[in-house]
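These notes are about the structure you will find just below.
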Amino acid sequence: MRQALMLAVAAAVAAVAPWPQAMAQTEDPVAADFDKFRAIMEEANPAELFEAKGEQLWRTPRGPKNASLEQCDLGLGPGVVKGAYAQMPRYFADVDRVMDAEARIVHCMITLQGFKREDLAKKPFSSATKTPDPVSITTYVAAQSAGMKLAPQQTHPKEKAAYEIGKEIFFYRAGAYDFSCASCHGVDGQRIRTQPLPNFTRPEQAIRAIQGWPGYRMTGGVMHTLQWRLNDCFRQQRFPEPDYASEMMSALLTYLTVNAQGQEYKGLGIKR
Amino acid sequence: MRLGLAAMMAAGAAVLAACAALQSSPRDGALALMQRDFHAEGIAGMDRLKEDDVQAACNKYKDSPPAELDAKLRGKQYAGVKWPADGKLLGDWKAGEKIAQNGRGMTWRDKGGVGGGCYNCHQIGPDTTSFGTIGPSLYQFGKLRGYGTDIQRYAYAKIYNAKAYNVCSQMPRFGHVGALTEAQMKDVTALLMDPASPVNR
């Protein structure tokens with residue numbers, strides 16, 4: 001019943017998108033409308049469907065090794081999911097590097113279940129017809145941190161190094177258009193067309209990098225994680241393509257999450 | 001055997017790069033990680049990660065290089081502007097409007113340059129209210145600046161290479177990197193400079 005309702009809402013939303021761009025003015029009524037709409041939508045967010053699917057994938061023995069993910073250590077001990085997302089990225093001694101949530105989930109799927117990285121990295125983002133398993137699982141894991149304060153770990157030297165490296169990457173201008181992340185996300189109050197561009201170098205705006213991800217994106221009606229968001233921003237930055245769930249992405253996510261630390265993560269969202 | 005050795009060396013290099021990522025300066029670490037954790041896709045090759053002299057100076061000096069270097073780089077960028085052989089700087093403003101509206105081009109999904117995406121960053125014509133605000137308003141550009149050859153040349157060169165005037169501008173170098181053709185740049189210049197263009201009415 002609830003699922004049917006959510007599907008109906010999802011269909012309605014898909015019909016509404018894309019947003020009428022021409023309406024935007026400086027005070028941005030489009031953004032205001034969207035915020036109202038989002039508040040209603042989040043009552044029955046289609047993202048919950050993917051959370052449910054992700055939970056099932058987490059618990060079910062799968063892959064060449066026919067194992068579940070219940071022994072996966074997300075940083076709080078094997079199998080502990082509650083609160084783990086809000087405390088990542090963090091250092092993992094078994095791989096001797098910092099990992100964000102999706103990178104860690106992919107790691108567990110490889111080591112515990114026997115999946116192959118090449119296969120998982122081939123088509124890592126959702127399309128109209130397919131939602132990759134790591135996306136659903138990340139959605140499930142993230143939802144179990146809803147309402148918690150972001151507390152990415154910054155004690156291990158490699159955690160501190162990841163922050164500094166992520167910061168360098170954020171400001172690194174290159175590519176065909178000379179852009180860095182900061183070209184679009186380094187100044188207050190700017191926008192591209194009608195889309196407001198948060199300034200992620202400021203703590204109170206950096207939360208907007210994390211909030212609502214993983215999110216159900218109305219454009220196309222698909223579920224996406226931050227891996228997708230950053231991938232698409234690198235595309236718009238006219239860079240080459242980042243490797244999925246790579247250490248470079250974990251460093252960038254460390255920079256963004258640490259800038260937002262201490263603020264409440266509200267759980268799965270709706271994105272335009 | 002040969003191959004095995006090459007593979008081992010490649011793997012060794014990757015490990016070294018990763019180690020460097022953590023032991024040296026954050027910048028060296030970032031460069032090593034980016035080198036390892038990006039791949040070429042479509043037209044977006046790995047060469048795009050390499051800084052040219054302008055990018056290197058802007059990265060090194062946080063977008064404000066020392067005056068002398070700044071002037072030197074601007075001069076070099078300006079010298080690289082290729083002026084139209086026929087001497088005409090204004091094309092068709094209607095075609096220019098389409099190019100200004102189109103924000104596609106130069107990503108790994110594109111085949112090359114497509115549009116200029118000017119509206120992504122600038123207010124331009126009176127009918128488009130969904131403009132971005134990264135750059136200043138260009139509405140009434142010709143009317144306010146004058147329609148003379150000097151301003152025509154400024155507009156054309158700015159579009160060709162924004163860094164010829166402002167080394168660390170956030171505006172792309174459309175002609176310099178081949179994102180727009182000469183004909184397209186003339187059309188966009190006309191959008192800003194033709195007295196008949198809605199920008200100036």
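FYI, it's all coordinate maths here, none of it is from the lab. No experiment lies behind these values; they were computed from the predicted model shown. Methodologically, a virtual Cβ is constructed for each residue, glycine included, from the backbone with ideal geometry; neighbour enumeration extends over all protein chains shown.
Given R₀ = 22 Å, FRET efficiency for B:GLU68-B:ASN166 by Cβ-Cβ distance, to 0.05?
Calculated value: 0.85.
Using a 10 Å cut-off around each Cβ of peptide B:39-47, what is the average number of partner chain Cβ atoms that fall inside?
Mean shielding count: 4.
Please list, short to long, the whole-number percent of alpha-carbon pairs of the protein assembly as shown in consecutive 20 angstrom bins beginning at zero.
Bins of 20 Å from zero give 22, 52, 24, 2 percent of pairs.
Assuming R0 = 30 Å, can you tell me the calculated FRET efficiency for the pair A:ASP119 and B:LYS111, based on Cβ-Cβ distance, to the nearest 0.05?
Working: r = 29 Å, r/R0 = 0.96.
Efficiency, rounded to the nearest 0.05: 0.55.
Step through the residues of region A:140-147 one at a time and calculate ³J(HN,Hα) from phi using the Karplus curve (6.51 cos²θ - 1.76 cosθ + 1.60, θ = phi - 60°), rounding each to whole Hz and writing x for Gly and Pro.
Karplus values, whole Hz, x for Gly and Pro: 4, 4, 4, 4, 7, 10, 4, x.
Would you pull out the residues with amide H under 5 Å of A:TYR265's amide H, same chain only if 5 or more places away, H placed 1.01 Å from N?
A:GLY147, A:MET148, A:LYS149, A:LEU150
Pull up all non-local amide H partners of B:HIS39: gap of 5 or more, or a different chain, and H-to-H distance under 5 Å with H placed in the peptide plane.
Under 5 Å from the amide H of B:HIS39: A:GLU241, A:ASP243.
Please get the size of the charge dipole for the protein assembly as shown, origin at its Cα centre, with Cβ charges of +1 on Lys and Arg and -1 on Asp and Glu, quoted in debye to the nearest 20.
My answer is approximately 520 debye.
What are the radius of gyration and Dmax of chain B, computed over its Cα atoms and given in Å?
Cα radius of gyration and Dmax of chain B are 20.9, 73 Å respectively.
Could you line up A:SER183, A:SER136, A:SER127 from fewest to most neighbouring Cβ atoms inside 10 Å?
In order of increasing Cβ crowding within 10 Å: A:SER127, A:SER183, A:SER136.
Residues of region B:105-122 with backbone nitrogen within less than 19 Å of a virtual label 7 Å along the Cα-to-Cβ line of B:ASP86, please, listed as ranges.
From region B:105-122, the list is empty.
Tell me which of A:GLY215, A:LEU120, A:GLN71 sits at the most positive position along the dipole axis of chain A, charges placed on C-beta atoms (Lys, Arg +1; Asp, Glu -1).
A:LEU120
Using each residue's phi in region A:123-137, evaluate 6.51 cos²θ - 1.76 cosθ + 1.60 at θ = phi - 60° and report the 3J(HN,Hα) Karplus result to the nearest Hz, with x for Gly and Pro.
10, x, 10, 5, 10, 4, 9, 9, 10, x, 4, x, 5, 5, 5
Among A:PRO89, A:TYR177, B:ASN59, whose Cα projects farthest towards the positive end of the dipole of the protein assembly as shown, with charges put on the beta-carbon of Lys, Arg (+1) and Asp, Glu (-1)?
It is A:TYR177, whose Cα lies furthest towards the positive end.
Take every Cα pair under 8 Å in chain A that's 6+ residues apart, average their separations, divide by the length, and report that relative contact order as a whole percent.
Once normalised by length, the contact order is 24 percent.
Just report the Cα centroid separation between region A:199-272 and region B:134-161, whole Å.
Region A:199-272 and region B:134-161 have Cα centres spaced 37 Å from each other.
What is the Cα coordinate range of region B:93-200 on the first, second and third principal axes, sorted by size from largest, in whole angstrom?
So the extents along the principal axes, rounded to whole Å, are 38, 29, 25.
Which one, A:THR129, A:TYR244, A:LEU230, is farthest towards the positive end of the dipole of chain A when Lys and Arg carry +1 and Asp and Glu -1 on their Cβ?
A:THR129
So for the pair A:ILE40, A:VAL95, with labels modelled 7 Å out along Cα→Cβ, what separation do we get in nm?
4.1 nm
Between B:ALA56 and B:SER24, what FRET efficiency comes out of the Förster formula 1/(1 + (r/R0)^6) with R0 = 25 Å and r the beta carbon distance, rounded to 0.05?
Efficiency, from the Cβ-Cβ distance: 0.90.
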